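The values are calculated or read from the model by the stated rules, or taken from the named source; none is laboratory data. From a predicted model like this one, the values you see are computed outputs, not experimental measurements. Using ideal geometry, Cβ is built from the backbone for each residue, glycine included, and neighbour counts are taken over all protein chains shown. Side chains included, ligands, DNA and RNA excluded: accessible areas come from the protein's heavy atoms. Shrake-Rupley method; radii C 1.70, N 1.55, O 1.52, S 1.80 Å.
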Amino acid sequence: MTSLMLKEARAAANAVAAQFTQNTAIYAELGAKLRAQPPRSVVTIARGSSDHASAYFAYLVMAQLGKLVTSLPMSLITLYRSPIEAADVLAVAVSQSGQSPDLIGPMRYLRDGGATTVAMVNDPASPLAEASEWVLPLVAGPEKSVAATKSFITSLTASAALVAHWANDEPMLAALKQLPEQLALASVQDWSTAFKIFCDADRIMVLGRGWSHSIAMEAALKFKETCAIQAEAFSSAEVKHGPMALVEEGYPILIFATRGPAQEGLITTAQEMRARGARVILAAPPDVAERDLTLFTADVPALDPILAIQSFYIMVEAVARLRGFDPDTPRHLSKVTKTN
């Protein structure tokens, strides 16, 4: 029987196509506003997978627009009542349900303080959407599996589309139009060579860097959620500052070496880890000869992580079932999490 997680992951391409059809005008309008009235800084507000999508958004904004982005510790507002200055700030909240009080409260506070507030949310009628000035619907459609897939991918594409319109980046805008077709191709990449390694693992390290770090964090979370594997994500630049001590003979490490300035260092890290006895699984584009898993590529490198996580979702769903778990109903978890 096909799991809901697999069905939903495979539906991401159609969801992204629908998202672009529905939202292009609002992306363009908001992008023009941000060019005309540039914010002095940017904050993101999210939890879980949505926070990983926020990290991708943050990296794109800092790399392409030069604006510093902070992931807001929401307890500063919800618990500590800190007097955060909100004037001329862009606040972006990312959520599947838009129900959690610790997202809604800070967005209301920041909006009241003069921030431009944007909700990337799958439910445009949610309290989070109502609390925000701008709403960018994810258009992922119903998602019943506890493990988010298509809603995460549509969070990434919404992030990329907003940044592309804000920066008026014509190559990225053109590349985004090709993503639905490329996502469909990425969803049929054969990553079965990694099944045995991950099926036998009780711990995994996942590495990325730059714009691939966000999907390394998401992959580690999905290993935990669906496979009950103790997985931790690190930047390849940070792994030598302590986590290296964990590496021993046969230690499994998944490395996302997507294209871009960080790729060479990620490939070098794979070589170094292999020399230390680790069982490295290198996910890289076809031109990287030493790869173990092939990454489908977009028309611009900054979009490659979106295709990489699409292929990963298909693989991790299969690993979960091979390990005897139902990927749709991870133990102790529910679809909507509400925290204060």
When residues of the range 252-277 are limited to those that are outside any loop (DSSP other than H, G, I, E, B) and surrounded by fewer than 17 Cβ atoms within 10 Å (Cβ to Cβ), the one farthest from the chain's Cα centre (by Cα): Ala275
Matching residues in the range 192-224 - criterion: being surrounded by fewer than 20 Cβ atoms within 10 Å (Cβ to Cβ) and without any contact (Cβ under 8 Å) to a residue 40 or more places away in the chain: Lys196, Asp200, Asp202, Lys224
Matching residues, the range 12-29, being within 25 Å of Ser100 (Cα to Cα) and surrounded by 18 or more Cβ atoms within 10 Å (Cβ to Cβ): Ala12, Ala15, Val16, Gln19, Asn23, Tyr27
Residue match in the range 41-52 (condition: crowded, with 21+ Cβ neighbours inside 10 Å, farther than 27 Å from Ser235 by Cβ, touching a residue at least 24 places away in the same chain (Cβ under 8 Å) and in contact with a helix residue (DSSP H, G or I) (Cβ under 6 Å, 6 or more places away or on another chain)): no
Residue list for the range 227-251, restricted to those being buried (at least 21 other Cβ atoms within 10 Å of the Cβ) and either at pLDDT below 95 or touching a Lys or Arg at 6+ places or on another chain (Cβ under 8 Å) (or both): Cys227, Ile229, Ala231, Phe234, Ser236, Val239
Conditions (1) under 19 Å from Glu317 (Cα atoms); (2) open to solvent by less than 10 Å² (accessible area, probe 1.4 Å): number failed by Val280: (1)
Flag if Ala9 is without any contact (Cβ under 8 Å) to a residue 24 or more places away in the chain and either buried (at least 19 other Cβ atoms within 10 Å of the Cβ) or among the polar types (S, T, N, Q) (or both): no
